[in-house]
Amino acid sequence: MLSRLGRWCHNRRVVVVIAWLAVLVGFGVASGLAGSGYTTQFGLPKVESARGLDIIDTHFGGRGGGGGGGTIVFRSDQGVNDPAVESAMTTFLAQASKVPDINIVSPYSPQGAMQISRRGDNAGKIAYAKLEVGRGMTIEKGKQIADAVRANEPKVPGLEIEYGGQLFQKFQPPSSETLGLAFAIVILILAFGSVLAMGLPIGTAIGGIGLGTAIVGLLSNVMTMPSFTSTLAVMIGLGVGIDYALFIVTRYREGLHHGFTSERAAAVAINTAGRAVLFAGTTVVISLLGMLLMNLAFVRGLAIGAAITVLMTMAASVTLLPALLGFAARRVEVTRWRGMIAAGLFAVALLGMGAKLRAFAVLIPVAAMVIVAGFFVPALKREIPRPAPKPVAQTLPYRWSRLVQHHPWASVLIGVALLVTLAAPVLSLRLGFSDEGNLPTSTTTRRAYDLLASGFGPGFNGPLVLAAEVPAGTSPDALAKVSAALAKTTDVVFASPAIPDDPANPKAVLWQVVPKSAPQDAATTRLVDHLRSDVLPAATEGTGLKVAVSGFVATGVDFSEYLAARLPLFIGVVLALSFLLLLVVFRSVLVPLKAVVMNLISIGAAYGLVVIVFQWGWGKELIGVGKGGPIEPFVPMMMFAIVFGLSMDYEVFLLSRIKEEYDRGSANDRAVADGLAATARVITAAAAIMVFVFGSFIFETERVIKLFGVGLASAVLLDATVVRMLLVPATMELLGDRNWWVPRWLGRILPRIDVEGHGPDTVAEIESDESVTVAV
């Protein structure tokens with residue numbers, strides 16, 4: 001079937017390309033017209049903070065819940081009560097209060113008396129207004145509100161106004177993918193030695209990503225998807241899309257080297273490498289969809305968004321790519337100086353775009369002129385000669401494999417010691433949501449955070465909101481007892497009196513509690529636990545009150561604990577499915593077991609590096625992180641799903657080639673060396689592309705995107721070097737023929753699956769240009 005699909009797309013390439021363009025344009029237009037519904041908020045399971053938010057929604061109209069709104073923080077050296085400042089800010093806040101869907105509490109109102117600083121040198125100089133919104137606020141709606149609020153900002157000498165909170169956070173579309181593309185161009189040129197061969201994976205990946213992100217944008221209107229879903233989808237899609245096309249183009253060129261026609265080479269490439277791509281991509285999708293076990297809408301949106309993009313890149317690899325190969329034909333083997341120069345200039349232009357240097361404004365026209373000049377300047381039309389390929393035994397990967405095989409125990413000990421050392425910091429991993437103090441100082445939200453911290457203390461950036469329904473007959477003394485207990489609690493700066501929904505006949509009340517510590521600090525988490533386990537049970541004993549600690553900070557604590565509790569189940573299911581999948585593919589017990597264990601250790605090492613940089617704060621200045629803080633609770637889960645799926649890609653490509661050599665009669669050590677030598681170049685290029693693509697996202701402003709960039713890039717780097725180049729040949733040498741052992745009873749019931757079908761080296765099994773034998 002895959003062979004016929006490859007032939008059909010190759011021979012009807014015009015129809016296929018037009019169909020892809022039509023689908024891309026159609027979904028792109030639909031996505032643009034419908035807009036997106038990405039959100040900065042997330043649904044919660046049945047936890048205490050969710051109960052508190054439900055009370056606030058029901059009895060207070062969603063106001064006062066904290067987290068979803070924002071703050072207008074202002075500072076004046078002459079004091080915020082200066083007549084000119086007070087008049088300007090009162091008018092400004094009155095105009096802002098007319099914006100729909102928000103509620104503003106002014107520091108000049110009776111309810112906002114505590115919103116003017118009384119602390120140290122900043123006493124009377126800093127104040128803030130609270131902007132409250134209901135739950136379910138999308139990014140686009142929040143941007144409209146924020147723009148409307150800021151439209152009438154006053155201009156008073158000496159008055160500084162900053163905007164904090166989620167409402168005013170600007171989630172910027174990613175720009176670092178241009179850096180990843182630029183590095184990918186350079187790596188592909190080095191790997192292929194052909195500009196046209198380089199362009200095919202790039203074009204295929206862009207087609208798959210474009211369609212995937214358009215579909216994800218449409219789905220964000222009917223599903224809960226966090227603000228960075230599209231960025232994560234682009235990051236993953238760019239990495240796997242280029243890699244998958246790289247494997248197929250490599251097989252296509254091997255077919256041409258064996259004398260195949262372009263049609264036949266495309267059919268064989270899709271039937272072999274295309275089959276492996278579908279298998280590898282399915283592994284990634286399974287890993288991503290394993291996150292559905294978390295049973296959270298927020299996580300479900302991330303998983304489905306990333307999985308759809310991977311699926312679209314897979315579809316582009318087996319349909320769009322053979323069509324593009326049909327246009328390229330044997331020209332993929334030709335490289336002229338004009339193409340190399342133009343490609344180099346284009347790569348530099350992309351680097352300029354990613355770094356925002358405006359280099360593309362000059363270099364893209366220059367690249368176009370080089371291509372045009374190439375038709376008239378004889379020197380630019382000349383082909384670049386290529387050296388003859390070395391015999392396998394003379395290649396560096398083969399000699400390296402032999403070196404490792406001669407010292408297997410030392411290699412295993414060195415590799416495991418390195419990975420375990422890097423993984424050790426995971427023992428101190430703390431899950432939680434980072435606060436706005438991690439943002440660059442160039443953002444207004446970070447400056448608002450700093451003003452609040454200096455004027456009121458760091459805890460004012462993340463107040464706790466306590467809510468309770470009031471049983472009939474509850475005395476005011478019972479509510480006052482809770483207020484007094486909160487005010488006396490250690491690590492509490494301020495606790496408001498009970499605020500009723502209806503002073504005459506209260507059905508519910510809430511309290512505003514400000515901690516001493518910042519929202520992301522471990523002390524704040526301990527305070528939440530202390531209030532729930534000690535303070536509130538003692539203060540409400542015998543009253544019938546059930547006070548829920550809620551607000552953005554408490555919600556983050558509950559969310560982290562919920563995900564941490566379910567993470568072992570998710571990891572266990574993914575490991576089990578991966579083991580069974582590899583067991584069926586390689587018909588071996590030890591090979592999949594070893595692969596699962598080594599991948600687990602390498603992922604642990606990547607986790608350790610994330611903890612070192614983002615939690616401990618080592619080297620944070622190098623990547624633009626404000627300070628150390630907790631690791632977002634969904635990051636370990638997402639990283640495991642992505643990295644485990646991608647590492648299995650390389651495992652399958654490498655081990656399938658080793659197994660092929662072993663089944664032909666090669667000794668185990670020779671099969672390992674030959675398999676490593678045969679796949680080293682393409683796997684190294686694929687891994688390098690992923691490292692640069694993921695690493696380029698370190699330059700984004702969002703901390704969570706930086707975190708994913710560091711984690712994924714380091715995980716792929718460790719997997720492609722320490723695991724593939726050191727641990728795999730060493731452990732396979734130690735196990736010998738036991739690598740391929742499987743109990744007889746198990747061998748009889750296991751299905752036989754050939755991941756790569758028949759490669760071009762089994763030409764005898766391909767009978768004609770009209771039919772390619774498909775092995776299943």
**OP:** Report, to the nearest whole %, how much of the accessible area of the chain belongs to carbon and sulfur atoms, 1.4 Å probe, protein only.
**Re:** 64 percent
**OP:** Could you work out how far the C-alpha centroid of the range 1-60 sits from that of the range 183-208, in angstrom?
**Re:** 26 Å
**OP:** Rank-order 560-567, 3-10 by packing density, defined as the average count of other C-beta atoms within 10 Å over each peptide's residues, highest first.
**Re:** 3-10, 560-567
Original post:
Once every DSSP H run of n ≥ 4 in the chain is given -39500 (n - 2.57) and the sum is divided by its residues, what mean residue ellipticity at 222 nm do you get, rounded to the nearest 500 deg cm²/dmol?
Top reply: -19000 deg cm²/dmol
**OP:** Order the following by accessible area, largest value first: W511, W400. Probe radius 1.4 Å; ligands, DNA and RNA are ignored.
**Re:** W400, W511
**OP:** Within the set of other residues whose C-beta is less than 13 Å from the C-beta of A329, count the net charge using Lys and Arg as +1 and Asp and Glu as -1.
**Re:** +3
**OP:** In whole angstrom, note down how far apart the Cα centers of the range 514-589 and the range 626-648 are.
**Re:** 16 Å
Subject >> Karplus-derived 3J(HN,Hα), 6.51/-1.76/1.60, for each residue of the range 10-21, Hz, glycine and proline x >> reply: 5, 6, 10, 5, 5, 4, 5, 5, 5, 4, 5, 4
Subject >> Probe 1.4 Å, accessible area per residue of the chain, Å² >> reply: 40 Å²
Subject >> Highest-first arrangement of 711-723, 287-299, where packing means the average Cβ count within 10 Å >> reply: 711-723, 287-299
**OP:** With a 1.4 Å probe and all protein chains in place, put K46, K546, K706, K488 in order of accessible area, largest first.
**Re:** K46, K488, K546, K706
Original post:
Among S97, A269, N295, whose Cα lies farthest out toward the positive end of the dipole of the chain, if unit charges sit on the beta carbon of Lys, Arg (+1) and Asp, Glu (-1)?
Top reply: A269
Original post:
Which whole-Hz ³J(HN,Hα) couplings does the range 236-249 yield from phi under the Karplus relation 6.51 cos²θ - 1.76 cosθ + 1.60, θ = phi - 60°, glycine and proline marked x?
Top reply: 5, x, 5, x, 6, x, 5, 5, 4, 5, 4, 4, 5, 4
Original post:
Which of the peptides 666-677, 589-600 is most tightly packed, and how do the rest follow, judged by the mean count of other Cβ atoms within 10 Å per residue?
Top reply: 666-677, 589-600
Original post:
With respect to the cross-link table entries K516/K620; K481/K516; K155/K627; K46/K620, which display a Cα-Cα separation exceeding 30 Å?
Top reply: K155/K627; K46/K620
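The values are calculated or read from the model by the stated rules, or taken from the named source; none is laboratory data. Just so it is clear, the model here is predicted, and its values are computed rather than measured. Neighbour counts are summed over all protein chains in view; Cβ atoms, including those assigned to glycine, are modelled from backbone coordinates with ideal geometry. Heavy atoms of the whole protein, side chains included, go into the accessibility calculation; ligands, DNA and RNA do not. Shrake-Rupley method; radii C 1.70, N 1.55, O 1.52, S 1.80 Å.
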